[in-house]
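Engineer: The structure follows.
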Amino acid sequence: MKGSVLKKFLCTCLVTAAAFAATTISASACTTIYVGGDLVEEGTPFVARTEDYGSDYNKLWFISESGKWKQGDHYVGCPEYGPFEWDFTHDSYRFTYFTNDIYYDGICPECGEKADHYSYTEFGTNEKGVSVSATETLYGNEKVTEADPYRDAEWAEANKSERIGIEETDIPTIILAEASSAREGVKLLLDIYENYGCVYASGVFICDKDEVWYVENCSGTQYVAIKLNNMIFLEPNMAVIGRVDLDDENVIASKDLIAVAKKAGTFVGDEAKNIIDFRASYARISEKMDQRMIDGLNYLNATYKYDSDALVADNTKFTISNLDASDKLVALYTNIKADRKLDKDDVFGYYKLSSIGKASNQEIEIFQLFKDRPVETATVGWVGVGNMSYNVFVPYYPMLIDGMYKGYQVSTASAKFTTEKPDTFCTYGTSWAQDAEGNWQRVSSFKAYPSNWKDSYYFTFEGLGGYIANAEKITGAPLKAEAKTYVADKLAALQQELYKDFVTTDQLAKADDARALATENGKTMAEKAHKLGVELVEYITKDEALQPSVFTDVKEGAYYVDAVNWAVDKKVTSGKTETTFAPNDSCTRAQAVTFLWRAAGSPEPTASEMTFTDVKADSYYDKAVLWAVENGVTTGASATTFDPAGDCTRGQIVTFLYRCLSK
């Protein structure tokens with residue numbers, strides 16, 4: 001997904017700084033995995049995507065009831081992106097959806113205006129069994145977007161067009177409100193791309209129990225849609241549709257797809273055979289591979305051991321194709337092969353990888369599709385909200401529930417950045433701020449949570465993961481390893497409980513009121529998860545969960561805490577005694593050169609004969625002084641003395657440091 005003005009700025013910064021962008025996940029770093037049914041133990045496809053919007057920014061979950069929009073009603077999207085406008089062709093279907101929190105102050109965080117419109121709709125399933133994943137922001141290459149510009153407000157004004165293209169935020173709303181099948185949803189979206197265009201590039205799933213479609217577009221009006229089968233693919237904000245034969249019945253492409261690429265001078269393929277490499281022709285391709293792709297592939301198959309160079313050199317290791325080595329048409333496939341038959345724990349575990357499960361996660365819904373079930377129970381949604389590094393997935397039946405757990409709908413203020421540690425619960429992170437000259441720069445600070453954060457499912461799990469990751473920055477001491485293990489074990493046990501608690505289709509069939517049972521079941525499981533999340537936050541914020549300082553005289557919050565911990569870890573010092581460091585004592589000349597020598601790795605000095613009469617052989621600083629002399633760090637207090645017990649003055653220590661670091 002792509003976000004507001006600030007998020008656009010972040011994306012621009014990341015793209016401009018190529019080396020930085022290649023190794024950093026941006027504010028719009030949504031991450032997808034698809035696994036075909038024959039490749040998992042459950043025998044069902046899994047369609048999964050996170051929304052990564054930014055940390056500590058609330059998302060809410062609701063149901064849009066059928067008939068919210070009547071036939072002919074006029075839809076106006078967020079003005080930040082145009083807005084896109086649409087007249088509904090029939091009374092809207094009922095559907096689930098996530099949205100920005102627009103209820104706390106009534107202002108849309110995207111445009112900053114009164115929230116009389118939907119604000120970044122994400123994920124959902126409608127009453128007909130159609131699910132939409134929402135979008136992965138993609139990036140078209142510069143030449144293609146010049147030949148086929150994005151249809152944004154600027155383009156509309158320049159071209160005197162009354163239509164502005166659809167933006168990622170509008171896609172779930174329009175498709176879920178209008179489409180009665182996945183195929184109908186795909187056709188509708190592609191018609192919109194052709195007749196309205198799009199404001200930005202994206203990848204999106206549209207699926208039902210019978211079909212799963214994936215659509216990519218990297219320019220204003222051109223697209224490729226593919227009907228997925230038994231394959232695995234990953235998509236971390238990069239186009240992954242590779243070399244495809246457009247005559248395949250399972251591929252739908254814009255009629256000018258090849259012509260536009262040729263106009264741009266970027267076409268890769270065989271026009272005579274109606275073959276195009278979509279990624280090579282349309283996408284912006286980085287010189288470095290996104291770490292999420294590297295980690296994801298190696299997670300699925302431990303024998304791969306891929307690095308960035310391997311994947312940049314050969315995109316066929318992860319792209320989708322329907323051609324063999326001789327360009328013969330075959331079933332759509334990728335070359336991604338798991339080293340085991342996957343199950344839902346493997347899919348969920350993908351979102352625990354350190355490059356994927358993190359503070360930027362806002363929510364995730366994984367659609368598990370059961371082809372042989374009635375439509376009402378054919379889709380199971382597995383929902384996680386907040387930072388997924390320490391979290392669980394709660395299941396529900398989207399077409400049967402009549403309400404959500406209240407914790408999913410608690411409106412809050414946003415977390416506030418502050419340079420002073422607040423007295424209330426906080427995490428720690430980075431944001432963008434302007435300096436006195438108006439230049440944007442990255443800043444790090446505390447993030448004070450809203451007063452009602454415990455009531456919010458999102459902020460509970462966002463806070464849990466964020467605090468664990470930044471405990472040392474917040475408190476001056478890291479969490480104990482056993483504290484992290486305790487949290488992970490509690491959540492793993494809860495996940496297993498949720499599998500058992502989830503009401504079965506047999507139980508629903510026997511129930512007097514299946515909808516009431518499904519609704520209550522979903523609420524109960526979410527409440528159980530929320531309660532544990534709050535308990536775990538309370539556990540990790542106790543002093544007992546922190547790694548105690550090695551030294552009793554190194555107090556929490558002291559400016560030298562990190563330095564002392566580093567010095568102990570690197571064996572630069574072992575303290576004055578086993579329990580004290582004596583931070584306010586003066587440092588002797590012997591101690592100073594010993595610190596430097598140990599920081600350098602305690603190298604063996606070349607010389608063995610000591611020229612200073614006051615440095616005894618086999619003293620703790622003997623080798624350090626020899627090393628310091630031969631490396632020009634010191635020449636002694638005189639030609640024959642070093643004065644090891646003498647105080648090391650501030651002038652002497654900075655001179656030692658200067659000479660040491662200049663060598």
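Engineer: Send over a whole-number figure in Å² for the accessible area per residue of the chain, probe 1.4 Å.
Structural biologist: Roughly 43 Å² per residue, with all protein chains present.
Engineer: A further question follows. List, in order, the whole-Hz ³J(HN,Hα) value for each residue of region 354-368 obtained from phi through the Karplus relation with A = 6.51, B = -1.76, C = 1.60 and θ = phi - 60°; use x for Gly and Pro.
Structural biologist: Each residue's phi maps through the Karplus curve to give 4, 7, 10, x, 6, 5, 6, 5, 10, 6, 9, 10, 10, 8, 9 Hz.
Engineer: Okay, moving on. Just order 162-175, 446-459 by mean Cβ neighbour count inside 10 Å, highest at the front, would you?
Structural biologist: Top of the packing list down: 162-175, 446-459.
Engineer: Which GluC sites (Glu not before Pro) does region 513-596 hold that lie in a coil by DSSP with at most 16 other beta carbons within 10 Å?
Structural biologist: Here the sparse-neighbourhood loop sites are Glu556, Glu578.
Engineer: Could I ask something else about it? How do 494-507, 203-216 rank on mean C-beta neighbours within 10 Å, highest first?
Structural biologist: Going from most to least packed, we get 203-216, 494-507.
Engineer: For Thr580 and Thr640, what does the FRET efficiency come to when R0 = 25 Å and r is the distance between their Cβ atoms, rounded to the nearest 0.05?
Structural biologist: So the FRET efficiency works out to roughly 0.15.
Engineer: Can you give the helix-only mean residue ellipticity at 222 nm for the chain, where every DSSP H stretch with n ≥ 4 adds -39500 (n - 2.57) and the sum goes over all residues, rounded to the nearest 500 deg cm²/dmol?
Structural biologist: Here the helix-only value at 222 nm equals -9500 deg cm²/dmol.
Engineer: In region 73-162, what trypsin sites (Lys or Arg not before Pro) fall in a loop by DSSP, with at most 16 other Cβ atoms inside 10 Å?
Structural biologist: Loop-located and lightly packed - Lys160.
Engineer: Now a separate question. Given Cα pairs under 8 Å that are at least 6 residues apart, what percent is the relative contact order of region 508-663?
Structural biologist: The normalised contact order for region 508-663 reaches 18 percent.
Engineer: Then there's this: Would you work out the charge dipole size for region 557-663 about its Cα centre, treating the Cβ of every Lys and Arg as +1 and the Cβ of every Asp and Glu as -1, and quote it to the nearest 20 debye?
Structural biologist: Here region 557-663 has a charge dipole of around 260 debye.
Engineer: Shifting gears a bit: Just to make sure I understand: if all protein chains stay in place, what is the order of Glu235, Glu85, Glu437 by accessible area at 1.4 Å, largest first?
Structural biologist: Glu437, Glu85, Glu235
Engineer: In the set [x] 29.7, 116; [y] 29.2, 98; [z] 35.1, 131, which value of Rg and Dmax of the Cα atoms in Å was calculated from the structure you see?
Structural biologist: Label [y] holds the value from this structure.
Engineer: Still on this structure, please answer the following. What percentages make up the Cα-Cα pair-distance distribution of region 335-385 when the bins are 5 Å wide from 0?
Structural biologist: Result returned by the calculation: 5, 15, 20, 20, 19, 14, 6, 1.
Engineer: Can I ask one more? If you add up the charges near Val394, with Lys and Arg at +1 and Asp and Glu at -1, over every other residue whose beta carbon is less than 12 angstrom from its beta carbon, what do you get?
Structural biologist: -3
Engineer: From the phi angles alone, apply the Karplus equation (6.51, -1.76, 1.60; θ = phi - 60°) to region 512-526 and give each ³J(HN,Hα) in whole Hz, x where the residue is Gly or Pro.
Structural biologist: Using θ = phi - 60°, the values come out as 5, 9, 4, 5, 5, 5, 5, 5, 5, 4, x, 5, 5, 5, 5 Hz.
Engineer: Looking at Thr519, Thr504, Ala567, which one has the Cα that reaches farthest to the positive end of the dipole of region 488-618 (charges on Cβ: Lys, Arg +1; Asp, Glu -1)?
Structural biologist: Farthest towards the positive pole: Ala567.
Engineer: Of all accessible surface on the chain at a 1.4 Å probe, what whole percent is carbon and sulfur?
Structural biologist: Ligands and nucleic acids excluded, carbon and sulfur reach 50 percent.
Engineer: Follow-up. At most 15 other Cβ atoms within 10 Å and a DSSP loop assignment: could you name the GluC sites (Glu not before Pro) in region 286-394 that fit?
Structural biologist: Glu287
Engineer: Order 118-126, 247-255 from most to least packed using the mean count of other Cβ atoms within 10 Å.
Structural biologist: By packing density, highest mean first, the sequence is 118-126, 247-255.
Engineer: Moving on to the next point. Would you mind telling me the antiparallel percentage of the DSSP bridges in the chain, rounded to 5?
Structural biologist: The answer is about 95 percent antiparallel.
Engineer: When the Karplus curve 6.51 cos²θ - 1.76 cosθ + 1.60 is applied with θ = phi - 60°, which whole-Hz ³J(HN,Hα) does each residue of region 472-483 get, with x for Gly and Pro?
Structural biologist: For region 472-483, the Karplus-derived couplings read 5, 5, 7, 10, x, 9, x, 5, 5, 4, 5, 5 Hz, x marking Gly and Pro.
The values are calculated or read from the model by the stated rules, or taken from the named source; none is laboratory data. Quick caveat: nothing in here was measured; it's all calculated off a predicted structure. Cβ atoms come from the backbone with ideal geometry, glycine included; neighbour counts cover every protein chain shown. Please note that ligands, DNA and RNA were not included when accessible areas were found on the heavy atoms of the full protein model with its side chains. Shrake-Rupley method; radii C 1.70, N 1.55, O 1.52, S 1.80 Å.
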